[in-house]
Structure formats: C-alpha cells, structure tokens
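Peer 1: Starting off with a structure, shown below.
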Amino acid sequence: EERKSTECGYRYIGQLDNGIHAIVTIDRCGGAAVFTRLLLVVLGHDTVWRDDGDVKVMCVDDERIFLKKVCEIPLGDRWSGKLKVDGNRIYVGKNKVSDSKLRQVQEGVCCGFSGWLDVNINVAELLPHGRMEIGETPFSFVEAPFVNPKLLEPLVNNVCPTGDRIIAIALETSQEANRFYGELTVRDWGVFPQVSCWECGSFNPLIFGYNFVGKTNEGIYILDTFECGGGTGVFGSVLFLVIEKERKVVVDLDNSRVVLGNERIVMRKVGEMFMGDRWKGTVHLEGSDLVFAIDPWWFGDPPRDEDADPDTYLVRYRVATDMIQSTMELAESPQLSGGS
C-alpha cells in the first residue's frame with residue numbers, strides 16, 4: 001500500500017501590539033486530513049548555565065532565546081478561512097461549512113468560530129512569577145506518584161549535546177498525556193530510587209530514566225539521567241531544573257476573547273552536563289558542590305591502581321548563582337527575523 005507523506009508547516013500572520021505573534025500551523029499525519037491551528041506565541045530570553053571545566057563551576061554563561069506558546073485554537077481539517085491582525089485583535093474569517101465541518105465542531109476537533117478575537121494580555125504576566133518546591137506539587141522525584149521520566153526526555157540533549165531545544169514543559173497536564181506514555185519501573189538505587197520508562201524498540205527497549213541527586217539552596221533540582229535509544233549505547237546527562245508557577249491562558253470563544261486563567265506548574269531546564277556513553281560513576285550534592293566519583297577504568301585504560309587515593313578520582317563542581325528570565329521582542333532576535 002502506498003504511504004502518504006507527513007507534513008508540518010506554518011504561515012506567519014503578524015504581531016499584535018502587545019508583542020504576541022499569530023501563526024497558522026498545518027499538520028498532515030499521513031492521511032487525507034490536514035489539521036490547521038491558530039497558534040499564539042511570544043519570544044523571550046533567559047540565561048543558561050554552562051560547564052566551565054577550567055574552574056569547575058556551573059555558572060551563568062550566556063543568553064538563550066526561547067519561543068513560548070501562549071495558546072492554540074483548533075481551526076479544523078482543511079480549513080481555508082482568512083486571518084488578519086489589528087492592534088490586539090485577530091480576525092478569524094468564515095470557512096466553507098460542510099457536514100464534516102459541522103461534525104468536527106460537535107466533536108471539539110475545531111472551534112467553529114469566526115469574527116474578531118480580543119487578545120488583551122500583558123505578556124509580562126505570561127512569565128513565571130515564583131519558584132515552587134516539588135513537594136507543593138502532586139508529584140515527586142523520590143516517592144510515588146513519581147514525575148513521569150518521559151517528561152524529562154525532551155529536555156535532555158544526549159544525541160546532540162550542544163545547545164538547548166525544548167527548555168520547559170507543563171507538569172500536571174503532561175504527566176499522563178499519550179505523547180509521554182511509557183511503562184514505569186522503579187528500582188532501589190542508593191539513597192533515592194531509580195525511576196525509568198521503557199517502550200518496545202526494534203532491537204532493544206527504548207529507556208529513559210533518572211535518579212534524584214539533590215536540591216541547591218536556590219531551588220535548583222539536580223537529576224542524573226540516562227537514555228538508551230534501542231542500541232548498545234546508554235547516554236548520561238546531569239540535568240538542572242527549577243519548578244515554577246505561571247499563569248495559563250484560556251480561550252473564551254463565547255465572549256470572543258483570550259484571557260489569563262489560573263496558575264499552572266512548569267518544569268524549566270536551566271542547565272545540563274553531558275556525561276557521555278556508558279559513563280560509570282556516581283554524583284551527589286554536598287552543600288553547593290556537585291561531587292562526581294569517576295571510575296577511570298571503565299574502558300580499561302589506565303591500568304587499575306588498587307592503592308590509589310579515592311579522592312584522586314573525585315571531581316567537584318561549584319553550583320553558582322541564580323537564573324533570571326525576561327521578555328524579548330522579535331526584532332531583537334536575528335535568528336528569527338527577516339522572514340526566516
């Protein structure tokens with residue numbers, strides 16, 4: 001049977017006066033359907049931790065630019081209406097109504113909305129406004145119900161350990177989402193349990209998991225993660241996270257507006273140390289020092305020295321400073337301007 005290709009893309013609509021950008025996205029999953037959505041996003045920047053190997057400090061090193069989703073509105077299958085931006089409003093034109101279209105409205109696949117949509121939101125209110133303890137959430141890194149390891153997998157860059165891709169994810173709404181499904185396994189592993197998810201692969205199981213290391217005085221959570229993509233490699237990374245509160249956005253189509261809603265919990269990545277394939281060692285937190293106990297004989301070189309001082313193979317990193325986050329205009333981001 002001939003397989004149809006998958007396709008995703010977007011068309012830029014414009015920028016609202018409040019700095020929010022309107023984009024139409026299309027998604028073809030291999031069948032005849034082409035799903036269309038109105039996506040609202042805002043650009044921003046924050047500072048990121050890097051590994052300064054010379055002085056053994058995890059410190060704020062550079063700014064990173066992020067694209068933050070504000071909300072999305074499903075327009076439906078093969079939607080062909082018009083969209084335009086005026087001030088802080090977006091005009092959603094009428095689409096040709098068919099039996100399929102009406103059925104989608106009834107089933108919630110598309111919104112069935114047409115007219116002006118008010119988006120009077122101060123973008124500064126979209127940013128996190130406070131740190132949280134993991135104990136203030138319904139989930140935990142050390143006891144059930146555990147944070148789903150699959151939520152952390154997109155934050156880690158094991159395959160290409162340079163730069164960041166996805167840096168934040170909503171905790172509560174993603175915890176049991178189909179996209180992050182996997183069989184959960186919990187094992188006794190030192191002070192804290194090892195938590196992992198696995199799914200069937202063509203050769204070996206696909207596995208991603210973590211061990212909780214500790215939390216700094218600034219509220220930075222440190223996790224020792226590992227990933228197997230189905231082959232012989234097992235890639236490790238030390239992940240630095242914060243748990244934050246922010247306002248979610250609600251689409252109120254009955255009143256033709258987009259407004260701020262209740263708070264939601266977000267996990268945000270603030271740094272990572274890539275440990276490589278089949279790294280064998282331990283990591284723990286002593287005050288503000290992240291201590292790595294390295295096994296230099298994992299690959300058989302140099303020869304094992306039974307009389308060596310154990311401290312010879314300890315590496316200490318000082319976990320320094322705090323993280324900030326602020327907004328950024330599109331024109332200040334050369335990577336995303338100029339129609340690229």
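Peer 1: Would you please calculate the Kirkwood hydrodynamic radius of region 227-292 over all C-alpha pairs and express it in Å, rounded to one decimal?
Peer 2: Numbers: mean 1/r = 0.0633 Å⁻¹.
15.8 Å is the Kirkwood radius here.
Peer 1: Further question on the same structure: Would you kindly derive the ³J(HN,Hα) couplings of region 35-42 from the backbone phi angles with the Karplus curve 6.51 cos²θ - 1.76 cosθ + 1.60 (θ = phi - 60°), listing them in order in whole Hz, with x for Gly and Pro?
Peer 2: 7, 10, 9, 9, 10, 10, 9, 9
Peer 1: Using 26 Å as the Cα-Cα cut-off, could you pick out the over-long pairs in K215/K280; K82/K269; K69/K280; K215/K245; K84/K245? Display every interim value, and only then the final one.
Peer 2: Details: K215/K280 22 Å; K82/K269 37 Å; K69/K280 38 Å; K215/K245 18 Å; K84/K245 32 Å.
As for pairs spanning more than 26 Å Cα to Cα, those are K82/K269; K69/K280; K84/K245.
Peer 1: Something else now. Starting from the coordinates of the alpha-carbon atoms of region 207-256, obtain the Kirkwood hydrodynamic radius over all distinct pairs and give the value in Å to one decimal.
Peer 2: 14.0 Å is the Kirkwood radius here.
Peer 1: Under 5 Å between amide H atoms, partner at least 5 residues away or on a different chain: which partners does S140 have, H built in plane at 1.01 Å?
Peer 2: F146, V147
Peer 1: So for region 113-161, what percent of the C-alpha to C-alpha distances run longer than 17 Å?
Peer 2: Working: 782 of 1176 pairs.
I get 66 percent for the Cα pairs in region 113-161 exceeding 17 Å.
Readers should treat all values here as calculations from the given coordinates under stated rules, not as data from a laboratory. Only a predicted model underlies this, so the values are computations on that prediction, with no experimental measurement involved.
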